[in-house]
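Asks: Here you go, one structure.
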């Protein structure tokens, strides 16, 4: 039963990470990030106590709230990306490549680290999708989403290796720090255009 729920959490992580690449509305993006943190919670709680994993969930939702409040105060209209690869077809194609590459790598990583395949693949997939998000966007909001996704992938993998409460608190502080930095950059971009 637990293994089936791990695969469901992985499927949710795949859908939300691809959705973060394809969506244009910031409200949908924050909703997808909040749902993504639910899957992260489930994948982390297989190695950490439920209280530490719940702390990860609450921290992720707080980061979503911080970015949402900053985006509400941002009155500027969304700017189209100036880069060449900006179509949905390109994003779907690259997401497929990253999914295939991370699956192949997770087969080896799961045996090296002694992890189940859904946890290893979920970690590597979120890290890869976050890197893709960083590579194709220069907007502060999308960069913040990419950084939070990369960190979430790292947290899943690190939770399987280390179960220290201090490390969990440090990772939560980094998550909130990234959200606050993203909110600051959103507000600075608004002041720069005014």
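No lab work stands behind these numbers, since they all come straight from the coordinates. What you see is a predicted model, and the numbers here were worked out from it, not measured in a lab. Using ideal geometry, Cβ is built from the backbone for each residue, glycine included, and neighbour counts are taken over all protein chains shown.
Asks: What is the pair-distance distribution P(r) of the range 1-47, computed from all Cα-Cα distances in 10 Å bins starting at 0, with each bin given as a whole percent?
Replies: Each 10 Å bin holds this share of Cα pairs: 30, 48, 19, 3.
Asks: Mind ranking 123-134, 25-36 by how tightly packed they are, going by the mean number of other C-beta atoms within 10 angstrom, highest first?
Replies: Working: 123-134: 23.3, 25-36: 18.3.
Ranking the peptides 123-134, 25-36 by packing returns 123-134, 25-36.
Asks: Separate question: So between residue 188 and residue 72, what do we pick up on full extension, going 0.36 nm a residue minus the alpha carbon distance?
Replies: On the way: separation 116, 0.36 × 116 = 41.76 nm, distance 1.39 nm.
Extra length from residue 188 to residue 72 when fully extended: 40.4 nm.
Asks: How far apart, in nanometres, would the label points at residue 100 and residue 4 be if each is projected 7 angstrom from Cα along the Cα-to-Cβ direction?
Replies: Output for this residue pair reads 3.1 nm.
Asks: Another question about this same structure. Mind running the shape call on the range 93-194? Use the C-alpha gyration tensor, a ≥ b ≥ c as the square roots of the eigenvalues: rounded below 1.5 for a/c, prolate if a/b tops b/c, oblate otherwise. Intermediate results must be reported in sequence, preceding the final value.
Replies: Values: a/c = 5.50, a/b = 1.50, b/c = 3.67.
In terms of gyration-tensor shape, oblate.
Asks: Between residue 113 and residue 62, what length in nm is gained on full extension when 0.36 nm per residue of separation is reduced by their alpha carbon distance?
Replies: Numbers: separation 51, 0.36 × 51 = 18.36 nm, distance 3.08 nm.
The residue 113-residue 62 span can extend by a further 15.3 nm.
Asks: Regarding the range 21-60, what whole-number volume in Å³ per residue does the convex hull of its Cα atoms give? Walk me through the numbers on the way to the answer.
Replies: On the way: hull volume 2.2 nm³, N = 40.
Each residue corresponds to 54 Å³ of Cα convex hull volume.
Asks: Please compute the contact order of the range 42-166 in relative form: average sequence separation of alpha-carbon pairs under 8 Å and at least six residues apart, divided by the residue count, as a percent.
Replies: Details: 98 pairs, mean separation 35.1, N = 125.
This gives 28 percent for the range 42-166.
Asks: Something else now. Would you please give the FRET efficiency between residue 51 and residue 173, computed as 1/(1 + (r/R0)^6) with r the Cβ-Cβ distance and R0 = 25 Å, to the nearest 0.05? Each step should come with its number before you reach the end.
Replies: Working: r = 17 Å, r/R0 = 0.68.
The formula returns an efficiency of 0.90 here.
Asks: So, one more: Among 154-160, 104-110, 8-14, what's the highest-first ranking by average C-beta atoms within 10 angstrom per residue?
Replies: Those peptides, ordered most packed to least, come out 154-160, 8-14, 104-110.
Asks: Can you give the helix-only mean residue ellipticity at 222 nm for the chain, where every DSSP H stretch with n ≥ 4 adds -39500 (n - 2.57) and the sum goes over all residues, rounded to the nearest 500 deg cm²/dmol?
Replies: Details: 7 runs with 162 residues, N = 194.
That calculation yields -29500 deg cm²/dmol at 222 nm.
Asks: Between residue 181 and residue 15, what length comes free when the chain is fully extended (0.36 nm per residue of separation minus the Cα-Cα distance, one decimal in nm)? Provide the component values of the computation, followed by the final result.
Replies: Values: separation 166, 0.36 × 166 = 59.76 nm, distance 2.62 nm.
Gain in length upon complete extension: 57.1 nm.
Asks: Follow-up question, since we're still on this one. May I ask for the Kirkwood hydrodynamic radius of the range 1-147, worked out over all distinct Cα pairs and given in angstroms to one decimal? Mind dumping the intermediate values first?
Replies: Numbers: mean 1/r = 0.0623 Å⁻¹.
Roughly 16.1 Å, rounded to one decimal.
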